[in-house]
Amino acid sequence: KAGVTQTPRYLIKTRGQQVTLSCSPISGHRSVSWYQQTPGQGLQFLFEYFSETQRNKGNFPGRFSGRQFSNSRSEMNVSTLELGDSALYLCASRAGTGGGQPQHFGDGTRLSIL
Amino acid sequence: GQNIDQPTEMTATEGAIVQINCTYQTSGFNGLFWYQQHAGEAPTFLSYNVLDGLEEKGRFSSFLSRSKGYSYLLLKELQMKDSASYLCAVLNSGGYQKVTFGTGTKLQVIP
């Protein structure tokens, strides 16, 4: 069974640009979550999608948005990039949102803002 | 609100036992996860506790006390490959249960 796939692996952008990151969950998983990971802050929750609807949201500005498609693939968009957006963006999928179903993470997209 | 605390760094000797603590405060609790993350890699699932007590899985064990808002991960017979960050994550109760991570404990295993 293929794992969670994130593309691209690395991305370099400049301030003010926008970026779209992609995540394909494990087959059969309907929940996709996005996290930002930085050395000082750890894993910060961005949002979670289930059946194409945003179910949970973290404390990030509106420049961060996402969506989920009918095949459960998800995209995350960041507009008007700032230097502080440089981070590893991780996507995680789980079969459902109840009980102790663990999240399975992709290898992440490392975003660098110049 | 929610607050999850873990030590930032720990060092332990190969072959020894190490305990990594996690304390949490949350308005609704439905379980706690431990993940391992090697440098430059994705986090991988280690354990899930929802009831009080100890869950053992080979060299790794995880303990939970719901009344104290406390968990620990116990690693026995440490190996060099156990050098990694260990993330504690709380699963909130509610319809669409959100997972919130602590900042992680970076464990260095030395010879």
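Bear in mind these aren't lab numbers, they're just calculated from the coordinates by the rules spelled out. Note that the structure is a prediction, hence the values are computed from the model and not measured. Here Cβ is always computed from backbone atoms with ideal geometry, including for glycine, and neighbour counts include all displayed protein chains.
Residue by residue along B:36-48, Cβ atoms of other protein chains within 10 Å of the local Cβ number 4 on average.
Entry note: chain B has Rg to Rh equal to 0.97, where both radii use alpha-carbon atoms and Rh is the Kirkwood radius.
The alpha carbons of chain A occupy a box of 39, 28, 27 Å along the principal axes, longest dimension given first. For segment B:58-72, the Karplus equation 6.51 cos²θ - 1.76 cosθ + 1.60, evaluated at θ = phi - 60°, returns couplings of x, 6, 9, 9, 10, 10, 9, 10, 5, 5, 9, x, 9, 9, 9 Hz by residue, with Gly and Pro reported as x.
Net charge near A:Ser74: determine it from the other residues with C-beta under 13 Å of the C-beta of A:Ser74, scoring Lys and Arg +1 and Asp and Glu -1. Overall, the nearby charge balance is +2. Taking one quarter of the surface of the C-alpha convex hull of the protein assembly as shown gives a mean projected area of 12.3 nm².
Bridgeable lysines around B:Lys81 (alpha carbons under 23 Å apart, same-chain partners fewer than 8 residues away excluded): B:Lys57, B:Lys106.
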